[in-house]
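Engineer: Sharing a structure here in structure tokens format.
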Amino acid sequence: MPTGEAIKTGILLFVGNAFLVFLAVIAFGYWARKAWGDLVAALAGAVLVAGFVYFPTQSVDFLKKIWELVFT
């Protein structure tokens, strides 16, 4: 019985990659304007999004571990 997991994964990859391209364009604009703080923030966001797009299970596990360390 099909579960739709392949479709969900494909959609998440497409949307995630589109968002990464969007962040890359924004980061290039910040680099061109020499807005270094904004550039660093955009790159940090891109790293976070890339983690969730390409390694969703590991990213969620990592955030769960951080949550446990902080709040237990």
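Engineer: A6 - would you say it is surrounded by fewer than 15 Cβ atoms within 10 Å (Cβ to Cβ) and either modelled with pLDDT under 90 or of a type outside the set (V, I, T) (or both)?
Structural biologist: When the stated conditions are applied, A6 passes them.
Engineer: Sticking with this structure for a sec: List the residue pairs whose Cβ atoms are under 9 Å apart, where the first residue sits in segment 48-59 and is under 13 Å from F14 (Cα atoms), the second is in a helix (DSSP H, G or I) and open to solvent by 70 Å² or more (accessible area, probe 1.4 Å), and the two are 6 or more positions apart or on different chains.
Structural biologist: As it stands, the answer is V49/F19; F52/L12; V53/L12; V53/V15; V53/F19, since those pairs meet every condition given.
Engineer: Go through segment 18-35 residue by residue and tally those that are in contact (Cβ under 8 Å) with a residue 24 or more places away in the chain and open to solvent by less than 60 Å² (accessible area, probe 1.4 Å).
Structural biologist: 2
Engineer: Collect the residues in segment 36-59 that are aliphatic (A, V, I, L, M) and surrounded by 14 or more Cβ atoms within 10 Å (Cβ to Cβ), keeping them in residue-number order.
Structural biologist: Within segment 36-59, L39, A41, A42, L43, A46, V49, A50, V53 qualify.
The values are calculated or read from the model by the stated rules, or taken from the named source; none is laboratory data. Source: prediction; values computed, not measured. Cβ coordinates were reconstructed from backbone atoms using ideal geometry, including for glycine residues, and neighbour counts include every protein chain displayed. Remember, those area values only see protein heavy atoms, side chains included, never the ligands or the DNA or RNA. Shrake-Rupley method; radii C 1.70, N 1.55, O 1.52, S 1.80 Å.
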